[in-house]
1. Given contacts defined as C-alpha pairs under 8 Å and at least six residues apart, what's the relative contact order of the chain, whole-number percent?
2. What nm value, rounded to one decimal, do you get for the distance between residue 25 and residue 91 when each label is placed 7 Å out toward the C-beta?
3. Full extension from residue 81 to residue 18: what is 0.36 nm times the residue separation minus their Cα-Cα distance, to one decimal in nm?
4. Between residue 6 and residue 69, what is the label-point separation in nm under the 7 Å Cα-to-beta-carbon projection?
5. Would you look at the GNM of the chain, springs on alpha carbons closer than 10 Å, and say which of 11, 20, 39 moves the most?
6. Gaussian network model of the chain, Cα springs within a sub-10 Å range: biggest mean-square fluctuation belongs to which of 26, 75, 60?
7. Please compute the alpha carbon radius of gyration of the chain, then divide it by the globular-protein estimate 2.2 N^0.38 Å. Two decimals is fine.
């Protein structure tokens, strides 16, 4: 688990999480390609969310696959030590479970 701490890390993870929530694929790709190495797998320091976890909670199948294609790691937990797969299963998101 990599928790964003520095100002640069915080800005990038916040922008990335916002881009996931608003389905801004271009911004997501740009941040992942030009931003901090591995930022797609950073945890938000306030709640431990990762971009993949946000997509799973929204049951956004296209976004989930997009993030996985950008090397989002499905085994990174939030602060409650739950993976995106656990969140998907708890919510009954069958397609997300299969994708993860």
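1. Numbers: 132 pairs, mean separation 25.0, N = 100.
Reported relative contact order: 25 percent.
2. 2.0
3. 20.4 nm is the gain from fully extending residue 81 to residue 18.
4. Those two pseudo-labels are separated by 3.0 nm.
5. Judging by the Gaussian network model, the answer is 11.
6. 26
7. Details: Rg = 12.3 Å, N = 100, 2.2 N^0.38 = 12.7 Å.
Rounded to two decimals, the normalised Rg is 0.97.
Read-outs: derived from the displayed coordinates by stated rules, not from any lab. Keep in mind that what you see is a predicted model, and the values were worked out from it rather than measured. When we count neighbours, we look across all protein chains shown, and the Cβ atoms used for this are built from the backbone with ideal geometry, even at glycine.
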